[in-house]
Amino acid sequence: MAFSRQDYIAPWWTYWLHNFPHLNLNFKPVDNTFRPEETSYQQSLIFLACVSAVGLGVSLVVLALYLSCLCCCRKEEEEETKRPDSCCVTWAAVITGLVICSAVGVGFYGNSETNDGVYQLTYSLYNANQTVSGIDNLVSDSLNSMQVGLEEHLARLDEIFSTRGDYGQTLRFMRQMADNIIRQLITLPDISRAKVDLATVAEQTAFVEYYRWLTYLLLLILDLVICLLACAGLAKQSRWLLILIMVFGVLTLILSWVSLGAGTATAVGTSDFCVTPDKFIVNNTRDFLSADIAHYYLYCSQSLPNPFQQSLTTFQRSLTTMQIQVQGLLQFSLPIFPTAERDLLGIQRLLNSTEFNLHQLTASLDCRSLHKDYLDALLGLCYDGVEGMLYLCLFSLLTGSAFCAMLCAVPRAWTLIASRERDYDDIDEEDPFNPQTRRGTAAFNPNRSNIHSFCSYTSSLSSQTSLHPQPAQPSASATTSEYMNQSILFGGNPRYENVPLIGRGSPPPSYSPSMRTTYLSMTDAQIRHFGNDFQI
């Protein structure tokens, strides 16, 4: 059953893109009919691509103005010693990351859809090219059989049947039938030119699509890497990662807007073709295909007659007549001319082979096969292909906006990291619990390198007491030992030797009152036992 033209209906997004204003570089309206060979139409697509360049310029200008204002306002913030609000930076990073991840997901889907659509287009073109090549081969084989093979056999039979005029008349009639077949084959359209065009278009389309798919894939991976670097930079508060984000962010911003322009021009141009594909094909095949043949394959309707039907019918009748004549010669001439058997059987085999080619040619010239490939190509290009390009344009727009916001948030993150570093360095150097103060005291007094910690001392003392229980008796050196221990405990700083721990603004050491009593009750004998580890 023949296909109906209603099998293909251009999707709504192709009409939406087709209605985009088409202006040349002089800002004059241009007809939106798909005419890729005309300069004015090419300029209209270039104009659409340049719109994204304007968006890129606006983004860079806005980013430059923001950075300038940020540098001007930074001095006022430093004078006020106001710490930057980390909440804004955090939320900006979270929202930007979510937008980029969503855009990357949309980009992967659009890239896959476009690749599927273009693959279906090229597959259909190769199938149509194979059908056209088969038709061309069948016509060539049939012509060669009629013009060369048949003529050789008829020439030898003329010599054999030279004494019989009736048999010679039969051979002349067969030549007339062969000429009819040759004329019908020659009247078929020269579709070999269409074969070259289809193969070239399929190869070029596959080549361009491969590098387009690879380019978008690398861009998607780059976006994900930058997003991960941004998360790592904010988590580790690394300035080097922020510098990398700034560099690659600007590069990705430019690539996003460039891909948006290229994708928009490609989608609009493809939509212009998808709205009226028949008109473009008829205009570009008029040199080797008549209008009725082109419409027969484009529409494949039962109401349209087969333009090859008359030629194929004449071909079939002439071939059948020749087979009847050969069968009669085999029946009546062989008893008289036995040497003619070889040529007559050769003509019979040649006619059978030509009849087989005729059946294949009839099936190949039917509109259903090529029309199916035509519909598949349109569905792949205009549905999956254009839809995927729209998703890729959305991806480019979202990533361009998100990276612009990210580049605006990076200087704030830089300022926040610098502020936290200043707050960390702004510590009281006289605080006895400050690690830097302890390191300075240890450097000033090298004898403290072998001092045991208070906990290790109390642990050793407790162990010794448990092994050799001795009652703690006050001695004359208790006061001296207590003063020495307090001096060691507070790093040798006299400001804190006799000051209670509570109220200093620093956390007290973690020991109980019983441990403190045991520590301060160390006798001279115990001091001699431990050596001069606790002497300053």
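Residue order by solvent-accessible surface for 68, 52 is 68, 52, largest first, with ligands and nucleic acids left out and a 1.4 Å probe.
Applying a 10 Å radius around every beta-carbon, put 275-287, 384-396, 130-142, 211-223 in order of their mean neighbour count, most first. If you can, show how the numbers build up before the last one.
Values: 275-287: 14.7, 384-396: 23.7, 130-142: 18.7, 211-223: 16.4.
In decreasing order of mean packing, 275-287, 384-396, 130-142, 211-223 become 384-396, 130-142, 211-223, 275-287.
Grab the other residues whose beta carbon is less than 13 angstrom from that of residue 310, score K and R as +1, D and E as -1, and report the net. Charge balance in the 13 Å sphere: +1.
Going by accessible area, probe 1.4 Å, with all protein chains left in place, what is the ranking of 102, 145, largest first? Mind dumping the intermediate values first?
Working: 102 70, 145 25 Å².
I get 102, 145, largest accessible area first.
Exposure check, 1.4 Å probe, all protein chains in place: residue 266 carries approximately 70 Å² of accessible surface.
Going by average Cβ neighbours within 10 Å, how do the peptides 343-351, 240-248 rank, with the highest at the top?
343-351, 240-248
Excluding residue 113 itself, calculate the net charge of residues whose Cβ lies under 14 Å from the Cβ of residue 113, where each Lys or Arg counts +1 and each Asp or Glu counts -1. Intermediate values should be presented prior to the final figure.
Values: positive: 212; negative: 116, 209, 384, 387.
Summing Lys and Arg as +1 and Asp and Glu as -1 gives -3.
Between residue 91 and residue 25, the FRET efficiency from the beta-carbon distance, with R0 = 45 Å, is close to 0.55. A simple count of charges around residue 177, restricted to other residues whose Cβ falls under 12 Å of its Cβ and scoring Lys, Arg +1 and Asp, Glu -1, yields +3. Ordered from highest to lowest accessible area with the whole protein assembly present and a 1.4 Å probe, 257, 414, 91 read as 91, 414, 257.
Using θ = phi - 60° in the Karplus curve 6.51 cos²θ - 1.76 cosθ + 1.60, the 3J(HN,Hα) couplings for the stretch 197-209 round to 5, 5, 5, 5, 5, 5, 5, 5, 5, 5, 5, 5, 5 Hz; x is entered for Gly and Pro. Per residue, the convex hull spanned by the Cα atoms of the stretch 91-136 amounts to 31 cubic angstrom. Both radii are taken from the alpha-carbon atoms of the stretch 1-60; with Rh as the Kirkwood radius, Rg/Rh is 1.17. Computed from label points 7 Å out along Cα-Cβ, the spacing between residue 235 and residue 359 is 7.1 nm.
Multiplying the residue separation of residue 243 and residue 204 by 0.36 nm and subtracting their alpha-carbon distance yields 10.0 nm. Short-range pairs are left out: with C-alpha atoms under 8 Å and at least six residues apart, the relative contact order of the stretch 130-195 is 56 percent. To the nearest 10, the accessible area of residue 153 is 40 Å² with a 1.4 Å probe.
Maximal additional length on extending the residue 33-residue 291 stretch stands at 90.9 nm, based on 0.36 nm per residue less the C-alpha distance.
Our coupling estimate for the stretch 362-373, obtained by passing each phi through the Karplus curve with A = 6.51, B = -1.76, C = 1.60 and θ = phi - 60°, is 5, 5, 6, 6, 5, 6, 5, 5, 5, 5, 5, 4 Hz, Gly and Pro reported as x. Cβ-Cβ distance of residue 151 and residue 50, R₀ of 45 Å, FRET efficiency by 1/(1 + (r/R0)^6): the value works out to about 0.10.
The values are calculated or read from the model by the stated rules, or taken from the named source; none is laboratory data. Given the structure is predicted, the values throughout are model-derived calculations rather than measurements. FYI the Cβ positions are ideal-geometry reconstructions off the backbone, even for glycines, and counts take in every protein chain you see. Surface areas here come from the heavy atoms of the whole protein model, side chains and all, with no ligands, DNA or RNA. Shrake-Rupley method; radii C 1.70, N 1.55, O 1.52, S 1.80 Å.
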